[in-house]
Amino acid sequence: MASTSLPPIPPNIGSITASQLIGSLLNFYLFGVLSVQVYVYRLCFPKDKASIKYLVYLIFFFMALSMCLNAADAFFWYGSGFGNLIQFTKAHISPFYTPILGSVIALIIQLFFCYRIWIIKSQALYLSIAIAFISVIQAIGGMGGGIKAYVEANEVHDQVRTALVYMWLIGDALADVMIAGSMTVLLTQASRQNHRQTNDLVKRIVRLIIETNALSATVAILGLILFAGVPGTNYFVCPTMILPGIYANTLLVTLNNRAFAQGGQLNVTHQSPSFSENYPRAPQPTAPMTFAPNPSPGVLVSTQKFSDAEGISLNRLEGSLDKPISGWNDRTDSF
């Protein structure tokens, strides 16, 4: 029997197989969150620029493809290869959706943030170029490391492959830290006025930027520490597997934050007629909805229109205000 030639299951089987299993489960969770985020984006911002829509749907397509490949690998490792450590040590198709496709997703989203930095302040063009250069370096490292792992069937871990992994993870972390720091400084400078509502909005935006970019940077640094500090193990696989999902959700959280910018309530733009146009209403003036008994059948239920045709200017990207933030308009900022 072929099964008799299989190596026995070692007592530390959990430490060998847990990283891929946890990474796969977290990947499925992040994709579920991303699906909800894309649905919210589709409802709230149908008037966004076509380029922004294409970006969102392209990232969603990449993540859907990544999840399908991850599911195939999970079946290969834990289904048909259950108890087969020889099959478990094979990379199979994981190099394609983790370092290769993951680094491409990170590059696209980091370039998007580089463009936002340039929009906030045109004088920061060289800073945006520097961050974009680091993003390209990390993409080269991720794609190169993935190609070598696939060609060599995950059996050769030479210095070239190690250097490529370092390029990938260090570049990811460095680009995220630079994006968070740059946008924090620029947004803080752009809100130098005594408008309390504007200052509160900027604080929320800055907090969101720091939280999202710090999360992706932390995961990349964690993967780097596990890769360099615990050699000969696969502990680093889990954080590197979930990096693409974190980047994709970072993009959607940033875009969807516009819908909650005013008073923490969701503003949905409807293409179809409003609720009040589809149902009869009384001729008397409408009144706010209350919880009083037997409310009037003519109460008008409507949603606040929220138009964001541009989708990239930060005064429109983060929410409409009664007073624009100085220096947030596209290519018209002055400091």
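What follows is calculated from the coordinates using simple rules that are stated; it is not laboratory data. Note that the coordinates shown come from a computational prediction; the quantities given were computed from them, not determined experimentally. Methodologically, a virtual Cβ is constructed for each residue, glycine included, from the backbone with ideal geometry; neighbour enumeration extends over all protein chains shown.
Of note:
- Percentage, to the nearest whole number, of Cα pairs in segment 14-260 over 30 Å apart: 28 percent
- Over segment 1-71, the pair-distance histogram of Cα-Cα distances with 10 Å bins from zero comes to 16, 31, 23, 15, 10, 6, 0 percent, rounded to whole numbers.
- Rounded, prolate or oblate (a/c below 1.5 giving rounded, otherwise prolate when a/b exceeds b/c) for segment 76-221 by Cα gyration tensor: prolate
- Distance between modelled label sites at Gln189 and Tyr29, nm, 7 Å Cα→Cβ extension: 3.9 nm
- Förster radius 41 Å - calculated FRET efficiency between Lys49 and Ile86 (Cβ-Cβ, nearest 0.05): 0.20
- Principal axis extents of the Cα atoms in segment 7-143, from largest to smallest and rounded to whole angstrom, are 62, 35, 19.
- Here segment 60-123 yields Rg over Rh of 1.26, to two decimals, using C-alpha coordinates and the Kirkwood radius.
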